[in-house]
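The values are calculated or read from the model by the stated rules, or taken from the named source; none is laboratory data. Model, not experiment: these values are computed from the prediction. Methodologically, a virtual Cβ is constructed for each residue, glycine included, from the backbone with ideal geometry; neighbour enumeration extends over all protein chains shown.
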Amino acid sequence: MVEAVAFYVLAALILGFGVLVITAKSTVHSVLYLVADFLCVAALYVMLQAQFLAVIQVMVYAGGIVVLYLFVVMLVNLKRPPEAHADPRRLGRLGLAMAAAVLVELVAIFTLGWARPSPSGGGLLPDNVKQLGLALYQDYLIPFEVASVLLLAAMIGAIVMAKREL
């Protein structure tokens, strides 16, 4: 009974902080609400006996990623007016076609994932770090690689955008 109440309280906090991230007027406050949201998700992982995921959540997301967000928020001038002209090099139709291709790939991955049962049998065993690694690199290798390619594309895009400013 106590676990159910704790779960619902954490779920309400996660949803509440998520709404505050979106609706906050100040960008810095939005990032701070995001930190609180990540910490509540880590607490939820602890409740689910996934201490490794909770530590990774705190170290990677609440620590590293949010600090990066804060640096970006502090360094970017958000008060400047929008650009008066459109970039003639922008390839909107190509971008839309590529986004549609990625959406089709994601739908295919999810439908194939639902159609094929997981070979590991679902839930994590007491040695959850080993089981997590096996599930990540055996059962979910394709989605893991797709996510890594998407992150690589985002990193290249950020470098190109930053280089244009330099």
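The figures follow:
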quantity: Candidates Gly92, Gly121 - the one that is modelled with pLDDT under 65 and either over 21 Å from the mean Cα position of the chain (by Cα) or not assigned by TED's automatic domain parsing to the domain that holds Glu145 (or both); calculated: Gly121
quantity: Residue list for region 130-166, filter: of a type in the set (A, V, I, L, M, F, W, C), without any contact (Cβ under 8 Å) to a residue 12 or more places away in the chain and within 21 Å of Ile56 (Cβ to Cβ); calculated: Leu136, Leu141, Phe144, Ala147, Leu151, Leu152, Ala154, Met155
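Residue-by-condition table, conditions (1) closer than 21 Å to Asp127 by Cα; (2) surrounded by 15 or more Cβ atoms within 10 Å (Cβ to Cβ); (3) without any contact (Cβ under 8 Å) to a residue 24 or more places away in the chain; (4) in contact with a Pro (Cβ under 6 Å, 6 or more places away or on another chain):
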position: Tyr8; (1), (2), (3), (4): no, no, yes, no
position: Leu13; (1), (2), (3), (4): no, yes, no, no
position: Thr23; (1), (2), (3), (4): no, no, yes, no
position: Ser30; (1), (2), (3), (4): no, yes, yes, no
position: Ala36; (1), (2), (3), (4): no, yes, yes, no
position: Cys40; (1), (2), (3), (4): no, yes, no, no
position: Leu48; (1), (2), (3), (4): yes, no, yes, no
position: Ala54; (1), (2), (3), (4): yes, yes, yes, no
position: Val58; (1), (2), (3), (4): yes, yes, yes, no
